[in-house]
Every structure is written in C-alpha cells, then in structure tokens.
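For reference, the structure discussed in these notes is given below.
The values are calculated or read from the model by the stated rules, or taken from the named source; none is laboratory data. The structure presented is a predicted model; accordingly, all values stated were derived computationally and were not measured. Virtual Cβ from ideal backbone geometry, glycine too; neighbours counted across all protein chains shown. Just so you know, the surface numbers come from the protein's heavy atoms only, side chains and all, with ligands and any DNA or RNA stripped out. Shrake-Rupley method; radii C 1.70, N 1.55, O 1.52, S 1.80 Å.
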Amino acid sequence: MTAPTTGERGILQDLAALGYAVDSLSSLRMSGVNYRDAVPVLLEHLRKVRDTKVKGEVVRALSVPWARPAATPVLIDEFRHAEDATGLGLRWTVGNALEVVWDDAFYDELVELASDTSFGRAREMIVLGLTRSKNAAADAVLVELMDDSDVGGHAVKALAKIAAKRSVSADARPGLERKLADGRAWVRAGARQALAVCA
C-alpha cells in the first residue's frame, strides 16, 4: 500500500471526519458505498489541490452518478482549465467524469466542450455523454461530430448506443455509411449497428 501524498492526506482526514476511514481516494471509489455526503468535500478539495495526480484521483472519486448535479459545473470548469498538454491525461479524466455526471441543465456548456476541436481527444467521453441527454438536438450534434477527426469514432459509438434503445435520425445515414470504411473495427461495428435502426 502506498502512503498518501501530502495533498491527498488532507482530503482523507476530511473524509474520515465524515465517517469514511479510507487509506486512499481510490479505496473510497472502489468501496461500493454511496458517499453522496462526501461530494461537497471532494469538490472543495478539487478547487484547491494543485498536484495533478491528486487532482486526477479526486476527479475519479467524483465520477459517480450521485455526484450529479453538484459536480457537473465544477468539472466543466476543470475541463476548460486543466493543465494537460496531451489532452489524454487530466483533461481526458475530467471528460470521462462529465460523461458519468452528465446533466442536461448544463447541456449547452457540455455541447460546447464536445464541439471545441481545440480540446482534441479529451472530448471523447463527453461525446459519449450525449447518449444520456434528453435534448432532441443531441442526435444532430452527434451527426455533426462524426466527421471530427478526434472524436468521430466516439460519435458513431454514441449513435450505436442510442440505436440499442430507439431509431436513429435519417440525417445520420450518410455519415454512418462513410464510417463503414473506417480503419477501426469498433467504429465499423458501431456504424452497422446504428444503420440497422436508422429511420
């Protein structure tokens, strides 16, 4: 067992005061316990902590359904300002959390992030989060994102997930047909699945 870092130690002390005596944030996440009352503490520390590794652990601990809706706007802000040159580190982790805590109350902000090409592949899981939206415009956003070189595959995957529950807009057909020639097997499979129920 690795000793907690200085940055993590303060968080664990605050969690222990709430009755969550864990040796790491990872242990809290894997505990199977609904720690809804710990979300405000985690959010407070997320705003303060500077250590990227610890920040990532806090974000993972917030990647749970019961962190919604309190965590959603804070994570949107973290995604925008994350220090992550590759887009596949902390910012991707935050994007993954946003997929879990997707809340249509923040639909416009989430779509803005999903559509902003400057964030590269960090947007992948936010694109998948569109499958959680009840907004009628979500399908159109996915259709548009199919031609995005960074997240097009995930847009197809999202449409395939939607296809498992209902028909997909006919507007998606041309893009899905193009994706049948994609070099990635998982994208081709998603395109076939979505086309099977394309209106």
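See the values below:
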{"item": "Between helix 52-61 and the chain: long-axis angle, C-alpha atoms, 0 to 90°, nearest 10", "result": "70 degrees"}
{"item": "Highest-first arrangement of 125-133, 153-161, where packing means the average Cβ count within 10 Å", "result": "153-161, 125-133"}
{"item": "Mean Cβ count within 10 Å, highest first, over the residues of peptides 38-48, 175-185", "result": "38-48, 175-185"}
{"item": "In nm, spacing of pseudo-spin labels at Asp147 and Leu180 (7 Å Cα→C-beta vector)", "result": "1.9 nm"}
{"item": "Region 98-183 - Kirkwood radius from inverse mean 1/r over Cα pairs (Å)", "result": "12.7 Å"}
{"item": "Whole-percent carbon and sulfur share, accessible surface of the chain, 1.4 Å", "result": "52 percent"}
{"item": "Estimated Rh, region 71-148: Kirkwood, alpha-carbon pairs, angstrom", "result": "12.2 Å"}
{"item": "Acute angle (nearest 10 degrees) that the helix 152-163 long axis makes with the longest principal axis of the chain, alpha-carbon atoms", "result": "80 degrees"}
{"item": "Relative contact order %, the chain, counting alpha carbon pairs below 8 Å whose residues are six or more apart", "result": "13 percent"}
{"item": "Cβ-Cβ FRET estimate between Met30 and Thr117, R0 fixed at 35 Å, reported to 0.05", "result": "0.50"}
{"item": "Potential extension, Arg80-Ala137 segment - 0.36 nm per residue separation minus Cα distance", "result": "18.2 nm"}
{"item": "Largest-first ellipsoid semi-axes for region 1-115, taking √(5λ) over the Cα gyration tensor eigenvalues, angstrom", "result": "23, 16, 11"}
{"item": "Local electrostatic count at Trp92 - Lys and Arg +1, Asp and Glu -1, tallied over other residues with Cβ under 15 Å", "result": "-1"}
{"item": "Under 15 Å from Lys179, Cα to Cα: aspartates and glutamates that are on another chain or at least 8 residues apart", "result": "Glu144, Asp147, Asp148, Asp150, Asp171"}
